[in-house]
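Since the structure comes first, as structure tokens, the remarks are kept for the end.
FYI, it's all coordinate maths here, none of it is from the lab. All figures in this text were calculated on a predicted structure; none of them were measured in a lab. All Cβ positions, glycine included, derive from the backbone under ideal geometry; neighbour counts span all protein chains shown.
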């Protein structure tokens, strides 16, 4: 016998999506002080209608106790809200003060960049010009270079070649360096120098110092570029190079210097480094061979840089201490090589550091350095 289902039975066969919508619409009301007291009052009315005096009195007492508890909680909640608002105001004040300190620090660092660039220039020039077998001590670096050059033949004098192909260095250059240093004397050196920022500030510099400062920056970037290419070439393992490229590779390797003596190199991006390389070599007939070699080195190290990032990503105790920018650095470097790529050796520390400006946008350079420092210092 076929019976038509009742209206109540229809609900059992409603599509799941419809049932979920009804359930979402008919959510349990939020419990508040008023709804709780109202519910107790309703129960009290129902008990009173049953003429059960004892139970009614008990419910009345219970409602009174609940009301007292809720009032106490209300006062406590008010107190907590006031305390939270007070803490928020303190946090907002700290944020404002912190932002002011950051702005003041950035302004101070910008003022120091020019002076610090003179110290970088002196260290880079001395370390490049002096033979790699000689140590460069922290103080009086240019004096150490001058003493070294007394015993060097003119054809082996790299300082002469720099002055001939990059920029002449005269008394006015030293006047500029010494004046800038005196003005900034006694203030700590900033850890990261933006040479492009110095270029932008030259228009505000004393006119007689602009050309010497440009010359100094050219020399600084040149020596940093050559020493970078020298160290990268030293660890380049590829054997299949043409006869001319092999000769060029050995010459580039001769630029490797113990730049650890001067606390590392100024960061130089690959294409910028090639421009200064061309100025130093100053030979249109051979420069393409130099470009081919340094490009091969960079492209050959791309997968090793990516592999290093994947290895770093496995170190959870390092990743938990990284900032948002540092996490972004790791992700950008991981994209250089597919996950799970085999037979790739991660780059060693100094090679990876030198490649930071080659594989990351400039705004991430300092974050990239910090990521690698955390990784290699943890080993």
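Counting residues in region 111-378 as N, plug N into 2.2 N^0.38 Å and put the Cα Rg over that result. It would help to have the intermediate numbers written out before the result.
Working: Rg = 19.4 Å, N = 268, 2.2 N^0.38 = 18.4 Å.
For region 111-378, the normalised Cα radius of gyration comes out at 1.05.
Shown here: region 273-379, whose C-alpha atoms stretch 51, 30, 22 Å along the first, second and third principal axes, sorted largest to smallest. Length available on full extension from residue 66 to residue 378: 0.36 nm per residue minus the Cα-Cα distance, which gives 106.6 nm.
Once the convex hull of the C-alpha atoms of region 207-259 is built, how many Å³ does it hold per residue, rounded to a whole number? Provide the component values of the computation, followed by the final result.
Working: hull volume 4.2 nm³, N = 53.
Output value, Cα hull per residue: 79 Å³.
Restricting the calculation to Cα atoms, every distinct pair contributes to the Kirkwood radius of region 188-333, found to be 17.8 Å. Between residue 313 and residue 43, full extension at 0.36 nm per residue minus the direct alpha carbon distance yields a gain of 91.1 nm. When each of the peptides 223-232, 251-260, 145-154 is scored by how many other beta carbons lie within 10 Å of its residues on average, the order from highest to lowest is 223-232, 251-260, 145-154.
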